[in-house]
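Worksheet: the structure to be examined is printed underneath.
The values are calculated or read from the model by the stated rules, or taken from the named source; none is laboratory data. Fair warning: this is a prediction, and the values are worked out from it, not measured in the lab. Note: ideal-geometry Cβ built from the backbone for every residue, glycine included; neighbour counts use all protein chains shown. Surface areas here come from the heavy atoms of the whole protein model, side chains and all, with no ligands, DNA or RNA. Shrake-Rupley method; radii C 1.70, N 1.55, O 1.52, S 1.80 Å.
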Amino acid sequence: MSIKKSVYLMVFLGALAGAGSVIAGPAVKSEDGKYLDKDGNPTWNKKDDGTWDWYTFSGYRRYHAECHVCHGPDGEGSTYAPALRVSLQTLTYDQFQETVVNGRTVHTAGKESVMPSFGTNKNVMCYIDDLYVYLKARADGALPRARPEKREAKVDAIKQYEDACMAN
């Protein structure tokens, strides 16, 4: 093989190797361990070494404690409830909060689906941003069907918020 062809092959293989890798989320700033997008909504962040933000990791844990029974593992859906991985591709942060807090009923082809209200469930409400961030990472295709292997440490601001929320 000629040197020129070898160089082209190396460039092509290098491009392929990086094509599916996510280096960082859509975050534009960070406040007290929470990453925010351009609109000020919570979002995920993944560092180039594979370290995920605390909220994505926590959201994974909370999702599988509270939501996967109906919505399936990893937000993939079930015969009982829709795939939140798909829903979060179009659902806004405000719409997500509205649905979780108040619940909703959907009528489709003579079938009724009910999402109950979780507005009084502290295990959901104190972690609603965590749940959103995790599901957004899944919806954006950044997080595969697995627990984030590496995570940032939980900062004091997150601990203080969590303690105050759970105490009320």
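Brief remarks follow.
- Furthest towards positive pole of dipole, Phe118, Ala164, Tyr132, structure part the chain, Cβ charges: Tyr132
- Between Ala109 and Lys154, the modelled label-to-label distance comes to 4.3 nm, taking each label 7 Å out from Cα in the direction of the beta carbon.
- If R0 is 35 Å, the Cβ-Cβ spacing of Thr79 and Thr120 corresponds to a FRET efficiency of close to 0.80.
- 3J(HN,Hα) from dihedral phi, region 103-112, Karplus parametrisation 6.51/-1.76/1.60, rounded to Hz, x for glycine, proline: x, 6, 10, 10, 10, 9, 6, x, 10, 10
- In percent, rounded to a whole number, the relative contact order of the chain is 25, using alpha-carbon pairs under 8 Å and six or more apart.
- Mean projected area in nm² (Cα convex hull; one quarter of hull surface) for region 98-168: 6.7 nm²
- Percent accessible area from carbon and sulfur atoms, the chain, protein chains only, probe 1.4 Å: 54 percent
- A 1.4 Å probe, protein heavy atoms only, puts the accessible area of Ser87 near 40 Å².
- Rounded to the nearest 20, the Cβ-based charge dipole of the chain about its Cα centre (Lys and Arg +1, Asp and Glu -1) stands at 640 debye.
- Mean accessible surface per residue for the chain, computed with a 1.4 Å probe while every protein chain stays in place, in Å²: 60 Å²
- Surface accessible to a 1.4 Å probe, Glu76 within the full protein complex, Å²: 60 Å²
- With 28 Å as the limit, the listed pairs Lys34/Lys122; Lys29/Lys154; Lys47/Lys122 have Lys47/Lys122 beyond it between alpha carbons.
- Over the chain, dividing the summed -39,500 (n - 2.57) contributions of all DSSP H runs of at least 4 residues by the number of residues returns a 222 nm mean residue ellipticity of -13000 deg cm²/dmol.
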